[in-house]
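The structure under discussion appears below in the form of structure tokens.
What follows draws every value from the coordinates through simple rules; no lab data is involved. Note that the coordinates shown come from a computational prediction; the quantities given were computed from them, not determined experimentally. Neighbour counts are summed over all protein chains in view; Cβ atoms, including those assigned to glycine, are modelled from backbone coordinates with ideal geometry.
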């Protein structure tokens, strides 16, 4: 097991180096100095309590979406449908939360809405698993399609009555249904949902390594034909894993709706499903790695805002895309370099 | 309802379908060669910006067209490098390229035009908007280019050396290699064609709207992907479904003041249909056997 | 005949990761001769000849075609220089028509369009002259195995090659078809073609070959030039191919396994009735056409047959991978014909698969997980796996089967092939040790395993029967079947053609296999 891990570390370092070079070139081409841009990016994130809080807020959703992706990847499946699960869950939490009595207590509201978020997310990605397991349809295609349907559905439901009159969002949640912000980061949206994210990431690592369910899922990821031949219920596990992944993705609503906005609207936290997938691809199976990559992407995302006056913040998306591409090809480059070393 | 059965309505439907047609032909080339392609959306986007940038920089819409197509080809060549030489997962590559295209075009929009939303207006190739929709569609050279791409794809895939090789490497790459067909090169050529044809969809969009605006592909690449799947990876049915989606959207536009169908319902139609097809017809509409296999 | 070799391979090396598929082997193919290349699975036969055909580039060594180096080492160049190859696994694209497959790689065009009609006429003429008629205008997926083989031959012979390489051409053919193909090879040799024939069937060598090269572990261990009497000596060739296991020693090593005659119990554990199976595109070889077998508790039954006579389809149908078109399979009286693999296993199926990669071992999993794959709950409490329990199982396998290395957390893919097989054996025979197995389905259980381990595996199978299971052994090793079975059924053309007692001489079993 050690050799692949060393190769993976080398590959990640290589990818980091290549991405850094690409970033520097882009900044230089813009006519700015990479050093001072980085300094400003850092100052705008970890330099202030507000900035750090915003990073933690963004990292929370990325970590949850990342866990959703990591869960599916364990079984060798790409959970593209997280994006749709996040959107639909957010609307459900917003719509149901707003209908809770104004005096509702957090002891009732928090678990109830968390349950809503997870079950709506799971139900949303369930068909992806069924299509995969029973009809052999590729989960990426169904995932893309369900995401698009989710977008249309959310828009439709908001337009047909779920939105508050003369607005584009649901009515605000009662105070008891909103999450507590983190004190040390005043003004930022950082909230206690971050502990949910950490708990989910750590719990999944334990489930994957220690339980029968996790071990069977890992076996399916290693070889579905062998798993089938040895009597593992591959189809059922695939359906379960994609639903579980959707449930975890749905929990993003805690952070965005209950922790930040206080209501649901169209396009809330859009794109986070994909960033989470990127984080999971980078982190591999490591839970610490996933939390670290979530912080990294969140820093880039928040830092993009702080450098936007000097250089377009979209450079961050470009860097993230390049990181994914470089990580994807790095093993091959590493292998090639290794061959040349031996020759 | 009589407004549904006019020539103008038909023209509108065809116009809406044009980018779906071009991009779905692109998807067919790539996937029939065995390379999954979720990067059609990004290809449309970079080609649209390429067309606008080419037009404003050279002053010629024709040169803009060429720059746009080249931009699409470039993105797909990156896909080819990452997947065929880097041996990366094609889904990962495609998603990253979509992100790269979305971020990169916004970045360049700021760099070139100092705007975060849209470029200045460009002339395009179609006659001025004052003429009727039907006239504008018929007299637009890009309409005929899309038609040529569709006919070309249908004929080339069945009847040319390249088409035969593309079908072979997408089904059984080892067999193709054993008789001397260069698998990676054939796939790279197919991806370049994908870049140009999906790129044509982007150029059409830019010329139609006479500018580039951020995120203007608006999910058309994914509708094209849906079209490819529903059509069972075959070009002729893809034409039918692309036109069907065009008619549905045109009908929705015509009827929207009557509030008969919500636009979201029409919007979701291709995707719902794809899921239905995957659930029911997938055993007949089989994807290329080596799709996603190195 | 000339003194110049049509193809000369010299000092060839080819490595895959840690294993040397070909390790300094050489081969000369002369015009006018059928040159048989024999050896066990994994001896490097196919790799060596794929190098001759330009399909694989060697790491080291020279490939000369008519005295000139093959460069670049590509199939296209080899074809251009007159080297044609028919592969073991058909190299045909199933969705393309026969004609399109024949055109692929050197497609005739006119005005930029494919122009296949003259090709069709040419091919039909050639097909008639060689008696290899096959429909050209339907997708290959709809052709029979024999028709596909003919198509492969037509493609290889279209350009009147100087060298024809046949990689196990008869493995999947019915006996009559096989003889036709070999006869064709013989004819071509008399017309001056250099023919290379890779085969497992030593009787084919005796009948059709002029010259023999024997490979073992990537090296040439024997070469018999034309006229050498060894060519007709099936026993001697077999010894050379398997190495340090001359028959006497082999019998001796196995004697410990030989068992007292089976006491027939009443309880029928497996009943197969009129089973029909289409292998389809699952790569399961030839179909089953109405097989009926009955196995009682404690019985070991062998399935013999020339490779590709339905054994693989039988294995996959009994395990539940392939659906049955007609007929029934019953375990302990319960019909399981339409039941999943998992349910069959719950009813007492244990399966030692022939395709370890597809059905036995997942390379990246730790060995201890592979050992309990599909049965994690047996080492778990309330859904949590007890790794110490997995390690204990692993230690048990190390002791019982001399499994190496003793590293439970090492990825299964890092074990040698023989030790991977031991992992599978240990897993599949666990249930029978506890008396829970109804049927042990063992397909080529000792293939690629060293002599000592093979003896242990055979003993384990006999033990499984003693513990109450019915054991069905599919094997191409007739001595193995004769040693451990109570009776041997012979499959030919997808049907049972004979049921023989275990003391039947090999030659008699062989006759039944060849028909």
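Normalised by the residues of chain A, what does the relative contact order come to in percent, with Cα pairs under 8 Å and at least six apart? Could the numbers behind the result be given before it?
Values: 594 pairs, mean separation 121.0, N = 343.
Relative contact order, chain A: 35 percent.
Sort the following peptides by mean Cβ neighbour count (other Cβ atoms within 10 Å, averaged over residues), highest first: C:58-69, C:347-358. Walk me through the numbers before you get to the answer.
Values: C:58-69: 15.5, C:347-358: 21.3.
Sorting C:58-69, C:347-358 by mean packing, highest first, produces C:347-358, C:58-69.
Which whole number in µm²/s is D for the range C:1-157 by Stokes-Einstein, with the Kirkwood Rh taken over Cα pairs at 4 °C and 1.567 mPa s? Write out the running numbers ahead of the final one.
Values: Rh = 17.3 Å.
Answer from the Stokes-Einstein relation: 75 µm²/s.
Using R₀ = 30 Å, calculate the FRET efficiency as 1/(1 + (r/R₀)^6) where r is the Cβ-Cβ separation of residue A:20 and residue A:199; round to 0.05. If you can, show how the numbers build up before the last one.
On the way: r = 33 Å, r/R0 = 1.09.
That gives a FRET efficiency of 0.40.
Got a sec? How would C:467, C:391 order by Cβ neighbour count within 10 Å, fewest to most?
In increasing order of surrounding Cβ atoms, one gets C:391, C:467.
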Query raised in the report: Taking only Cα atoms, what is the 0 to 90° angle, nearest 10, from helix C:175-190's long axis to the longest principal axis of chain C?
Result: 30 degrees
Report summary line: Cα pairs beyond 43 Å in the protein assembly as shown, in percent, come to 47 percent
Report task. Provide, in order from the shortest bin, the percent of all Cα-Cα pairs of the range C:358-405 in each 5 Å bin, continuing until the bin that contains the maximum pair distance. Result -> 5, 21, 28, 24, 16, 5, 1
Query raised in the report: Hey, what's the Kirkwood Rh for the range B:18-104 if you take every pair of different alpha carbons, in angstrom?
Result: 13.1 Å
Query raised in the report: Considering the range B:2-280, what Rg and Dmax in Å follow from its alpha-carbon atoms?
Result: 18.5, 61
Query - Spin-label model distance (nm) - residue A:29 vs residue C:125, 7 Å beyond Cα toward Cβ - result: 5.9 nm
**Report entry** Sequence ranges C:224-233, A:9-18, ranked by mean other-Cβ count within 10 angstrom, highest first
**Finding:** A:9-18, C:224-233
Query - Taking N as its residue count, the alpha carbon Rg of the range C:280-376 over 2.2 N^0.38 Å - result: 1.16
Query raised in the report: Convex hull volume of the Cα atoms in chain A, per residue, in Å³?
Result: 157 Å³
Query raised in the report: Using only the Cα atoms, what convex hull volume per residue in Å³ does the range A:185-224 have?
Result: 77 Å³
Query raised in the report: In what sequence, highest mean first, do C:122-130, A:213-221, A:28-36, B:200-208 appear when ranked by Cβ atoms within 10 angstrom?
Result: B:200-208, A:213-221, C:122-130, A:28-36
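Taking 30 Å as R0, compute the FRET efficiency from the Cβ-Cβ separation of residue C:343 and residue C:388 and round it to 0.05. Spell out each step's value before the answer.
Values: r = 30 Å, r/R0 = 1.01.
After rounding, the FRET efficiency stands at 0.50.
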Report summary line: Here the gain from full extension of residue A:46 to residue A:167, 0.36 nm per residue of separation minus their alpha-carbon distance, amounts to 40.1 nm
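Calculate the mean, over all residues of peptide B:101-112, of how many other protein chain Cβ atoms lie within 10 angstrom of the residue's Cβ.
Values: counts 3, 5, 12, 7, 2, 6, 10, 3, 2, 7, 6, 0.
Shielding by partners across B:101-112 averages 5.
Starting with the fewest neighbours, write out B:274, A:225, B:186 ranked by other beta-carbon atoms found within 10 Å of each beta-carbon. Numbers along the way, then the final one.
Numbers: B:274 27, A:225 17, B:186 22.
Going from sparsest to densest Cβ surroundings: A:225, B:186, B:274.
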Query raised in the report: If one takes the longest principal axis of the Cα atoms in chain C, at what angle in degrees, from 0 to 90 and to the nearest 10, does the Cα axis of helix C:417-433 lie?
Result: 30 degrees
Report task. Looking at the protein assembly as shown, send over the antiparallel percent of its DSSP beta bridges, to the nearest 5. Result -> 60 percent
**Report entry** Average beta carbon contacts from partner chains per residue of B:153-164, 10 Å cutoff
**Finding:** 4
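Taking the convex hull of the Cα atoms, report for the range A:28-166 its projected area averaged over all directions, in nm².
Working: hull surface 54.3 nm².
Quarter of the Cα hull surface area: 13.6 nm².
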**Report entry** Exercise: per-residue mean of other protein chain Cβ atoms within 10 Å, C:377-383
**Finding:** 3
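State the Kirkwood hydrodynamic radius of the range C:95-159 in Å, one decimal place, computed from all pairs of distinct Cα atoms.
Working: mean 1/r = 0.0841 Å⁻¹.
After inverting the pairwise mean of 1/r, the radius is 11.9 Å.
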Report summary line: tail above 34 Å in the computed P(r) of chain C, as % of all Cα-Cα pairs, reads 42 percent
Query raised in the report: Where the centre of each part is set by its Cα atoms, how far does the range C:408-432 sit from the range A:98-175, in angstrom?
Result: 46 Å
Query raised in the report: Could you work out the helix-only [θ] at 222 nm for the protein assembly as shown, with each DSSP H run of four or more residues adding -39,500 (n - 2.57) and the total divided by the number of residues, to the nearest 500 deg cm²/dmol?
Result: -18000 deg cm²/dmol
Requested in this report: Can you tell me the 0 to 90 degree angle between the C-alpha axis of helix B:161-171 and the longest principal axis of chain B, rounded to 10?
Outcome: 70 degrees
Requested in this report: Whole Å is fine, so just give me how far the alpha carbon centre of the range B:75-141 lies from that of the range C:477-497.
Outcome: 66 Å
Query raised in the report: For the range A:259-316, what size does the Cα cloud have along each of its three principal axes, sorted from largest down, in whole Å?
Result: 35, 32, 17
Requested in this report: Take every DSSP beta bridge whose two residues both sit in chain C, then give the antiparallel share in percent to the nearest 5.
Outcome: 55 percent
